[in-house]
Amino acid sequence: MSSGQLDDEYDREEAEAIAAALDLTPDELNEIEYTINEIANDDGLVYAYGVEIKEGAPQHIPDRLAGLPRRGNLVLIHLAGDAHDADQEQMEIEMARTTVYKVKLYNIATDEVVISRRMATYEGAAKMGGWPVEGTGHVVDLADLEPGEEWTPRDFDPTTIRRCSRLSIRSFG
């Protein structure tokens, strides 16, 4: 098999895996334009792809994708293979989650430090111009964050969030 044939075979297998992860047929995937974005944890470990569907897709495609897990405008596809034991499965569940903290912000108008109405990851707190309050961390699903951001909606209550959501596990190999 030539190098070009191997590339074509790889591209075909990748497209089939993406289509399967999106619950689409390969033909339906061919009907749309999309980009793939890596999603990594704080240590840089890539654990998922985010598929961004470009405008102009036939309406039945976004309708079919509506129930899939999202992070902002990205449809999440988990990269891990099937779990072979409880430890592996637990690790996969944790990968779809992050820790958010109460955030201290400096209010220039009042010259006071205030607690934000949002909770945020360490990166989110820095983007907000604040810093996390140690000891206030709560593990939440990535879906609990504002779309495309590293913080929760205003007045987020981590004690009332759903506890059973999980990315579907799809193999790309």
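The values are calculated or read from the model by the stated rules, or taken from the named source; none is laboratory data. As the structure is a prediction and not an experimental result, all values here were calculated from the model. Cβ placement follows ideal geometry from the backbone for every residue including glycine, while neighbour counts extend to all protein chains displayed. Surface accessibility is based on the protein's heavy atoms, side chains included, excluding ligands, DNA and RNA. Shrake-Rupley method; radii C 1.70, N 1.55, O 1.52, S 1.80 Å.
Filtering the stretch 7-17 down to residues that are free of Cβ contacts under 8 Å to residues at least 60 places away in the same chain and not small (Gly, Ala, Ser), which residue is least open to solvent (accessible area, probe 1.4 Å)?
Out of the qualifying residues, it is Glu9.
Can you find even one residue in the stretch 109-120 that is of a type in the set (D, E, K, R), more than 22 Å from Glu146 (Cβ to Cβ) and at pLDDT below 85?
Among the residues of the stretch 109-120, not one is of a type in the set (D, E, K, R), more than 22 Å from Glu146 (Cβ to Cβ) and at pLDDT below 85, which makes the answer no.
For the stretch 24-41, give me the residue count where each residue is over 21 Å from Glu150 (Cα atoms), of a type in the set (D, E, K, R) and either outside any helix (DSSP H, G or I) or open to solvent by less than 50 Å² (accessible area, probe 1.4 Å) (or both).
3
Working carefully through the options Gly4, Gly50, Gly81, Gly44, find the one that is modelled with pLDDT under 80 and surrounded by 13 or more Cβ atoms within 10 Å (Cβ to Cβ).
Just a single option satisfies the conditions, and that option is Gly81.
Which ones in the stretch 55-73 are open to solvent by 80 Å² or more (accessible area, probe 1.4 Å) and in contact with a strand residue (DSSP E or B) (Cβ under 7 Å, 6 or more places away or on another chain)?
Arg70, Asn73
Take the residues in the stretch 123-151 that are within 17 Å of Tyr106 (Cβ to Cβ) and not in a loop (DSSP other than H, G, I, E, B), then tell me which one is most open to solvent (accessible area, probe 1.4 Å).
Lys127
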